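Input: a single structure, listed below in structure tokens.
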Amino acid sequence: MNAKYNENMSNEHVAKKKFGQNFLKDRSVLYKIVEAMPKSDSIIAEIGPGLGDLTKFLVDVKSVVAFEVDTDLCQYLNREFKQEIKTSQLTLKCGDVLEAWQSELLDETYALVANLPYYIATNIILKALADPNCEYLLVMIQREVAEKFSASAGDKNFGALSIIAQTVGTASIVVHVPPEAFDRAPKVDSAVLLIQKHSSRDNEAFELMLRAAFTQPRKTLSKNLSSRYEKESVKAALEQLELSASIRPHQVSTTDYHQLFKLLDI
Ligand code: SAM
């Protein structure tokens, strides 16, 4: 679909599906994102500024470093934010953020605030959770993915992503957002997810245990874990934690998963 966006934009920008371009146009949602930003001294990293609708709000309150892969949009943003770039209120980095992102995205503490490209959203969130310089994430993503990160034990969406998020911080949904809030409406519902970190992902073996635990979510935890650990050790660990042999993976709390890991990964 061809879409004409910003009135100031001299050229028509055709939304590029391959870059996951859905531009957030509902100002009430933009306000909610800015209002939900926790108090912090960190600068902001924005991934995918697009036509700069969110960026405009962000540069008003903080210094921003924005990463945009689309060269047409980069040219547009360079013109539109000429003044902010001149005063270093905005630093624009053109290129694929995943290529620029080594173990740290920036070499100082930052908060990730963005309407993310959905095709790489989970990957970006997991990288930010592992990045010691990332203080918190406030990101618009597919609603289904937001619910996986923020689910509590016992919910049907509770899984490895929820446990990873709860291990490094607290996750909550700020607001649900319908497709009509965007120009080029996405086919899915969206939500703004907030994850406030108190530490970072650094335990690969724990996450491998989680992967085993949720391989077949409808099967018992005992059966799933036995694909990675001795059946007898799994039985003994569950007994020690007073967890039933028939318990399903989504019924076990994050704390109990950490206890299980201590007992099994020796
Ligand atoms: N922030 C804008 C808004 O809210 O309207 C645009 C959000 S749009 C969902 C996602 C943006 O991410 C697009 O501008 C797209 O070009 C950009 N993008 C996609 N893949 C990227 C990548 N690998 N690195 C950096 N930016 C990327």
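Observations
- Candidate lysines - alpha carbon under 29 Å from K156, same-chain residues fewer than 8 apart omitted: K32, K127, K148, K187, K197, K219, K223, K231, K235, K262
- Left without a cysteine partner by the 4.7 Å Cβ rule in the chain: C134.
- When the charge dipole of the stretch 117-214 is built from unit charges on Cβ atoms (+1 for Lys and Arg, -1 for Asp and Glu) and taken about the Cα centre, the candidate among M209, N123, V175 whose Cα reaches farthest toward its positive end is M209.
- Residue-span extension gain [A36 to Q216] - 0.36 nm each, minus C-alpha spacing: 61.2 nm
- R0 of 45 Å, Cβ-Cβ distance K18-E232: FRET efficiency to nearest 0.05: 0.35
- Whole-Hz ³J(HN,Hα) from phi, Karplus 6.51 cos²θ - 1.76 cosθ + 1.60, for the stretch 52-68, glycine and proline x: x, 5, 6, 3, 4, 5, 5, 5, 6, 10, 8, 6, 10, 10, 10, 10, 10
- Per-residue HN-Hα couplings for the stretch 144-151 [Karplus 6.51, -1.76, 1.60; θ = phi - 60°; Hz; x = Gly/Pro]: 4, 6, 4, 5, 5, 5, 9, 5
- Using only side-chain charges placed at the Cβ, +1 for Lys and Arg and -1 for Asp and Glu, the dipole size of the chain relative to its Cα centre rounds to 740 debye.
- Extension gain for S253-A100 works out to 51.5 nm (0.36 nm per residue, less the C-alpha to C-alpha distance).
- The stretch 231-240 - phi-based ³J(HN,Hα) in whole Hz, Karplus 6.51/-1.76/1.60, Gly and Pro as x: 4, 5, 5, 5, 4, 5, 5, 5, 4, 4
- Each Cα pair under 8 Å and six or more residues apart adds its sequence gap; the mean of these over the residue count of the chain is a relative contact order of 16 percent.
- Cα-only radius of gyration and Dmax that characterise the chain, units Å: 20.7, 68
- Of L54, F149, Y31, farthest towards positive along the dipole that unit charges on Lys, Arg, Asp, Glu beta carbons give the chain: F149
- Cα gyration tensor shape for the stretch 204-264, rounded if a/c is under 1.5, else prolate or oblate: rounded
- Split the accessible area of the stretch 204-264 by element, probe 1.4 Å, and carbon with sulfur accounts for 47%.
The values are calculated or read from the model by the stated rules, or taken from the named source; none is laboratory data. Please read all numbers here as calculations on a predicted model, not as lab measurements. Positions of Cβ are backbone-derived with ideal geometry, glycine not excepted, and every protein chain shown enters the neighbour counts. Surface areas here come from the heavy atoms of the whole protein model, side chains and all, with no ligands, DNA or RNA. Shrake-Rupley method; radii C 1.70, N 1.55, O 1.52, S 1.80 Å.
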